[in-house]
Amino acid sequence: MNAIVALCHFCELHGPRTLFCTEVLHSPLPQGASSGDISGQNEQAEEEEGGIQMSSRIRSHSPAEGASADSSSPGPKKSDMCEASGCRSLAGGHPGYVSHDKETSIKYVSHQHPNHPQLFSIVRQACVRSLSCEVCPGREGPIFFGDEQHGFVFSHTFFIKDSLARGFQRWYSIITIMMDRIYLINSWPFLLGKIRGIIDELQGKALKVFEAEQYGCPQRAQRMNTAFTPFLHQRNGNAARSLTSLTNDENLWACLHTSFAWLLKACGSRLTEKLLEGAPTEDTLVQMEKLADLKEESEGWDGSEEEKPSSQTDVVEGQELSKCPPETSLMPDCNWNVAHRRLSVFRSLRHMRQVLGASSFRMLAWHVLMGNQVIWKAQDMDLVQSAFDVLRTMLPVGCVRIIPYSDQYEEAYRCNFLGLSPHVQIPPHILSSEFAVLVEVRAATRSTLYPTFFEDEQSLNKYEFVVTSGSPVAADRVGPTILNKIEAALTNQNLSVDVVDQCLVCLKEEWMNKVKVLFKFTKVDSRPKEDTQKLLSILGAAEEDNVKLLKFWMTGLSKTYKSHLMSTVRSPTSSESRN
């Protein structure tokens, strides 16, 4: 956690003072802490504490040393320090503390003041506010304050018993400073519990010392018997005692360093970012339904494989079972035994657009999105299958019905992607139909049809691609909105292939959401045609091509989603709410 934890004290002579602070370093040690490392290994005290390795290091110019500090040092001057060490934690020449977190390579550095001037100013201001104006009722307890410029502070003020102090107690605070307000607020319960534990331990030790001193020499009776003198109210004389003296613990600062370092590490580890997945997408639901159907069919085929006719091509949502293993035939990334395929021919939509040309690709993509039948005639089965692998990424899974390769023409109701061998005759009415597009792969008449950038593109130089349709897409036709966005992504060379794939996913999700709204509006609620036109205008899909696309994509909705909507409409509670 990028924060600073500090222990502050209100001195009756000098006001609020920072005694001890621990900060997180993601880089090498600060200038003061790294330049004066102890040379002798025997002077380093190392111990393992929850994956954190602690060591002692001497700082060459510690602000706590007063006169030895540079004039530019952010620490207080020696004249501002109590003679009895009430305003200082680490005496001159005392080593600071550095803990190394082996898991994250983070260092936790403890000293009296941050070495960076800006951090010193932030901690100093938080210290003053925590012990002056920003206090809770009773002057003891937690409070939150801060701003974007100086950081946000969680402060917990408390009293420590001192038999020599006015009121027999001294005022301290433990503050946690960070720039992330939301993170600090969310950490309030954790910080409150752990810091309260540290405070209880300090107060317990101090109470034992206080009771022992009061038993030996009661200060209350002595003060009452002392004659009144105005000199008692002057700000001089009785300087504050050090916290190590009040608790009778010589290892206090090492223990505080360990506690503060653990607090920073634990608080940073308890809140982590998680990718929250919402409801499953329509593609996921369709895949689950297909796998369930395939499982039921395979169970029905057990023991009767010889009765299943082999002459008929079986298609489950367009994929040929004989070409694809049952356990993977329904997944969208099934590549029909890719391991046994030769060199890949079409690698992406951008690659296909480059090979076919911009106008031919636009015509082909328009028919794909509209749900028209896409026919590929080629001798090379791998070429056809790779083309279908690329084109199907533009459609929802439920809209894809593929017969990869066949020796006879199949009707459009059985598949919208059909691969044929060159000798197959296509009916004339299909060739002239506006609801079909034909891609013929012929032998090239010249050596190079397009520029070659990769070695595996050499396999395409022997082919010529002819795209024809009974209803060619005019160059000036606007086309569906999603097609224009796909082409814009493909022509943007600043976008990698992976980024374009993610754009396709987002575009499909966007338009499938519009399909869901239209299905609920027309099929479930049975709204009139005028209301439907208004809805299409709101959705930004009032154009003819967009309406056709939505109607086709509606066939790709999962059975789960449709049944859920119908069951909701038929339930008594929904009927009452609609009435």
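The values are calculated or read from the model by the stated rules, or taken from the named source; none is laboratory data. Treat the numbers as computed from the prediction; the structure is a model and nothing was measured. Cβ atoms come from the backbone with ideal geometry, glycine included; neighbour counts cover every protein chain shown. Note: accessible area is taken over every heavy atom of the protein model, side chains too, but ligands, DNA and RNA are not part of it. Shrake-Rupley method; radii C 1.70, N 1.55, O 1.52, S 1.80 Å.
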The alpha-carbon pair-distance distribution computed for the stretch 455-557, with 5 angstrom bins and whole-percent values, is 2, 10, 16, 17, 15, 16, 11, 6, 4, 2, 1, 0
Taking amide H positions as placed in the peptide plane 1.01 Å from N, state which residues far from Asp162 in sequence (5 or more) or on other chains have amide H under 5 Å from it. Gln169, Arg170
Of Asp180, Asp389, which has the most accessible area and how do the rest follow, probe 1.4 Å? Asp180, Asp389
Determine ³J(HN,Hα), in whole Hz, for all residues of the stretch 162-179 in sequence, where each value follows from phi through the Karplus function 6.51 cos²θ - 1.76 cosθ + 1.60 and θ = phi - 60°; x replaces Gly and Pro. 8, 5, 9, 8, 5, x, 6, 7, 10, 9, 10, 8, 10, 10, 10, 10, 7, 8
1/(1 + (r/R0)^6) with r = Cβ-Cβ of Asn461 and Leu495, R0 = 35 Å, i.e. FRET efficiency to nearest 0.05, evaluates to 0.85
If we sort 259-267, 181-189 on the protection proxy, mean other Cβ atoms within 10 Å, highest first, what's the order? 259-267, 181-189
Using a basic spin-label model with each label point 7 Å from the Cα along Cα→Cβ, how many nm lie between Ser269 and Ala542? 5.9
Probe 1.4 Å, all protein chains in place: accessible area of Ser432 in Å², nearest 10? 80
Arrange the peptides 169-177, 406-414 so that the one whose residues have, on average, the most other Cβ atoms within 10 Å appears first. 169-177, 406-414
Just add up the charged neighbours of Ile122: K/R +1, D/E -1, any other residue whose Cβ is under 13 Å from the Cβ of Ile122. -1
Going highest first, how would you order 517-528, 359-370 by mean Cβ packing within 10 Å? 359-370, 517-528
Once you've got the Cα coordinates, tell me which of Lys377/Lys523; Lys508/Lys559; Lys377/Lys551 are over 26 Å apart. Lys377/Lys523; Lys377/Lys551
Paramagnetic reach from Ser121 (point 7 Å along Cα→Cβ, amide N under 19 Å) across the stretch 172-216: 177-180
Could you check how much of the accessible area of the stretch 499-570 is carbon and sulfur, as a whole percent, using a 1.4 Å probe? 58
Give me the extension gain from Ile185 to Cys136: residue separation times 0.36 nm, minus the current Cα-Cα distance, reported in nm with one decimal. 16.0 nm
Rounded accessible area per residue of the stretch 499-570, 1.4 Å, Å²: 55
Nearest-10 value in Å² for the accessible area of Glu543, using the 1.4 Å probe: 100
State, to one decimal in nm², a quarter of the convex hull surface area for the C-alpha atoms of the stretch 499-570, i.e. the direction-averaged projected area. 5.4
I want the local charge near Asn484. Using Cβ-Cβ distances under 12 Å, sum +1 for each Lys or Arg and -1 for each Asp or Glu among the other residues. 0
Ordered by residue, what ³J(HN,Hα) values in Hz, to whole numbers, does the stretch 186-199 give under the Karplus form 6.51 cos²θ - 1.76 cosθ + 1.60, where θ = phi - 60° and Gly and Pro are x? 5, 8, 3, x, 5, 5, 4, x, 6, 5, 4, x, 5, 5
Expressed in nanometres to one decimal, the distance between label points 7 Å along Cα→Cβ at Ala443 and Arg196 is 8.7
In what order, largest first, do Glu23, Glu134 sit by accessible area if the probe radius is 1.4 Å? Glu134, Glu23
How would Met1, Met179 line up by accessible area, probe 1.4 Å, largest first? Met179, Met1
